[in-house]
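Worksheet for the structure shown next.
The values are calculated or read from the model by the stated rules, or taken from the named source; none is laboratory data. Everything quoted here is computed from the prediction, not taken from an experiment. Cβ coordinates were reconstructed from backbone atoms using ideal geometry, including for glycine residues, and neighbour counts include every protein chain displayed. Accessible surface is based on the protein model in full, side chains and every heavy atom, while ligands, DNA and RNA are left aside. Shrake-Rupley method; radii C 1.70, N 1.55, O 1.52, S 1.80 Å.
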Amino acid sequence: MNLDRAVLAFAGVMILASLALAHFVSPLWLWLTVFVGANLLQASVTGFCPAALLFRRLGVPGGCAFK
């Protein structure tokens, strides 16, 4: 798995987890979904993604989106 796919997989897991938490615990967990979506949007514009930095430090091989 390369860095691009790892970031997308992490974002998907976070969105699904926040939706489950919003359904079963509190609707306030939807703010996590908002944060993940906003982060994906800004990463598409700027090319900077904190999750990509974390995965790179963990040794995930780079992809073409986050260099």
Quiz item: Do you know which residues across the range 38-59 are over 15 Å from the mean Cα position of the chain (by Cα) and part of a loop (DSSP other than H, G, I, E, B)?
Solution: Leu58, Gly59
Quiz item: Of the residues in the range 1-14, how many are open to solvent by less than 50 Å² (accessible area, probe 1.4 Å) and under 8 Å from the mean Cα position of the chain (by Cα)?
Solution: 4
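Condition check ((1) at pLDDT 90 or above; (2) surrounded by 11 or more Cβ atoms within 10 Å (Cβ to Cβ)) across all residues:
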position	(1), (2)
Ala20	yes, yes
Leu30	yes, yes
Val36	yes, yes
Gly47	no, yes
Arg57	yes, no
